Amino acid sequence: MNVATHHLRCTECAAVITKDDVSSNFRCPQCKGLYEVVYAWSDVKHPPNAPADPASRLPNPSALRWLWQERRSSSLAIDQSGVWRFRDLLPIVEDPEKVVTLREGNTPLYDLPRCAKGAGIDWLLAKHQGMNPTGSFKDTGMTAALSVAAQRGFEWVACASTGNTSAAMAAYAARAGLRSIVFIPEGKIAWGKLSQAMDYGALTIQLKTDFDGCVKILGELVQKFPIYLLNSVNPYRLEGQKTPAFEMVEQMDWQVPEHIVVPGGNLANSAALGKGFVEMHQLGLIPRTPKISVIQAEGANPLYRWFIDSNRVMKPVTADTRATAIRIGNPASWRKAAAVIDELGGWCEQVSEQEIALAKAEIGAEGVGCEPASAVTLAGLKKLVALSKITREERVVLILTGHTLKDSQYTIDYHRNELFTAAETAQLTPAQLVQHAALRKPPIVLEADSALVIRTLESHMNQPQPA
Ligand code: F0G
């Protein structure tokens, strides 16, 4: 593998630079656009089952599929990683043997039959990226970008985060022996995530601002100090985050679902998955690409506003949602995500706090669980089905981005019926109130009296199991 196999291309003005010429804020000096990683084979297109193209310097699709599967039984760390197993399509590091890995990826694809029924479709899967080592999809991007930082000799890495990026960065930095600085908004971050940054030894700075304010301050710091920026403006993050697309179709025996539904915050993940599908298509690994739809919380919906605006103008918002992971008003990668929606076909929807909570409880009730930001996908799916943007027979995959334990306070508040304000409860229809009541499972506190325990159990056991 050879580093000259990749360059960086501005996604706005298309200027191409070498990896060493990129500035510390990962912005194009001409137009301030974001870069994407391009390879010798990036723009080479060949139909499925065509012989290997010499310009692509890659084996043919069937050889790649075989190789990736073979690596699963290897004892090498890079082969056990569900990111580096696909390293042929992300040749970004000097020495692949020295990548920083926690054996990320290889996440399960679960079927959700009851959620499918509730949403009005026949077939629903969830790719659970919360089953990564630090509990979120960020690990797949972090192993990639942090490996680049380590191999380029940086001592310090930093990110601004709503919590998951910081947890992932802190863990991977600790593995590599690098020092990490985390900027997070004070208050609006789930405790599980904050505790991880501390546990993994990051210098954790809570700024009295929101995520967008943290990004601004960090942007100034990276220009002054030799700190490697690990926010998703760093294009190497997206190279790792594209690999769940490969893994998903591999898990589906190389069949392509019709529709992928992704939560949208800073909007890099939807862009990364789109890149993964487009590259697989270009290389002849899949015969077509799926549609990708992005779902935002109503209180943090700049992409949704852009999507429904006939002039297509992006206006940042002041974000507020209990799904703190996506509490972002000025998303850095919005142009990349918008291009994916336009290129692959797909929609953008917004969902309310009540819809998010209901969807989270429904996913939990299937024994899968996820954090609130991930549940926007199911809530959005219901809307897309109601709008006939997704039809009953289409195969849909939800990207669940974070583990349920990331934000256990949210779950506890929901089940104790302490999550919604009175005004939010008043907005629920009688049917929705019934749905919530059926899903809520608050803990029952009892005296340690066996007769009382038996009576209580009997009253519950006599109730029918909800459909
Ligand atoms: N879901 C979860 C659980 C997240 O943590 C994030 C983003 C997203 C969805 C949205 O992904 O930003 O690529 O559109 N979390 C970032 C963080 C911003 O700092 O952890 P996106």
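Summary of values
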| item | result |
| --- | --- |
| Candidates Ile444, Ile454 - the one that is open to solvent by 90 Å² or more (accessible area, probe 1.4 Å), outside any helix (DSSP H, G or I) and more than 21 Å from Leu112 (Cβ to Cβ) | Ile444 |
| The lone exception for Pro287 - which of (1) open to solvent by less than 40 Å² (accessible area, probe 1.4 Å); (2) assigned to a loop (DSSP other than H, G, I, E, B) it fails | (1) |
| Looking only at the range 250-292, and only at residues there that are of a type in the set (S, T, N, Q) and touching a Leu at 6+ places or on another chain (Cβ under 6 Å), the one that is farthest from the ligand (Cβ to nearest atom) | Gln251 |
| Candidates Thr11, Thr5, Thr18, filtered to the one that is among the hydroxyl-bearing types (Ser, Thr, Tyr), more than 23 Å from Val222 (Cα to Cα) and open to solvent by 20 Å² or more (accessible area, probe 1.4 Å) | Thr5 |
| Qualifying positions in the range 392-411 - in contact with an Asp or Glu (Cβ under 9 Å, 6 or more places away or on another chain), open to solvent by 60 Å² or more (accessible area, probe 1.4 Å) and of a type outside the set (A, V, I, L, M, F, W, C) | Arg392, Glu393 |
| Test result for Ala116, in a helix (DSSP H, G or I) and touching a Leu at 6+ places or on another chain (Cβ under 7 Å) | yes |
| Extreme residue, farthest from the ligand (Cβ to nearest atom), among residues of the range 363-389 that are in a loop (DSSP other than H, G, I, E, B) and buried (at least 24 other Cβ atoms within 10 Å of the Cβ) | Cys370 |
| Matching residues, the range 313-328, being within 14 Å of the ligand (Cβ to nearest atom), assigned to a loop (DSSP other than H, G, I, E, B) and of a type outside the set (Ser, Thr, Tyr) | Ala319, Arg322, Ala323, Arg327, Ile328 |
| Selection count, the range 27-43, where residues are touching a Cys at 6+ places or on another chain (Cβ under 6 Å), surrounded by fewer than 15 Cβ atoms within 10 Å (Cβ to Cβ) and within 17 Å of Lys216 (Cα to Cα) | 0 |
| Options Lys360, Lys336; residue that is in contact with a strand residue (DSSP E or B) (Cβ under 9 Å, 6 or more places away or on another chain), buried (at least 24 other Cβ atoms within 10 Å of the Cβ) and in a helix (DSSP H, G or I) | Lys336 |
| Leu419, sole failed condition from (1) assigned to a helix (DSSP H, G or I); (2) away from the ligand (no atom under 16 Å from the Cβ) | (1) |
| Filtered residue count, the range 345-357, keeping only those that are of a type in the set (A, V, I, L, M, F, W, C), closer than 16 Å to Val397 by Cα and open to solvent by less than 20 Å² (accessible area, probe 1.4 Å) | 1 |
| Count of the range 283-304 residues which are at pLDDT 95 or above and either of a type in the set (A, V, I, L, M, F, W, C) or touching a Lys or Arg at 6+ places or on another chain (Cβ under 7 Å) (or both) | 9 |
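Per-residue answers, yes or no, for (1) within 24 Å of Cys10 (Cβ to Cβ); (2) away from the ligand (no atom under 12 Å from the Cβ); (3) polar (S, T, N, Q):
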| residue | (1), (2), (3) |
| --- | --- |
| Met198 | no, yes, no |
| Leu203 | no, yes, no |
| Lys208 | no, yes, no |
| Leu218 | yes, no, no |
| Gln223 | yes, yes, yes |
| Tyr228 | yes, yes, no |
| Phe246 | no, yes, no |
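The values are calculated or read from the model by the stated rules, or taken from the named source; none is laboratory data. Predicted model only: the values in this text are computed from it and were never measured. FYI the Cβ positions are ideal-geometry reconstructions off the backbone, even for glycines, and counts take in every protein chain you see. Ligands, DNA and RNA are excluded from the accessible area calculation, which covers all protein heavy atoms including side chains. Shrake-Rupley method; radii C 1.70, N 1.55, O 1.52, S 1.80 Å.
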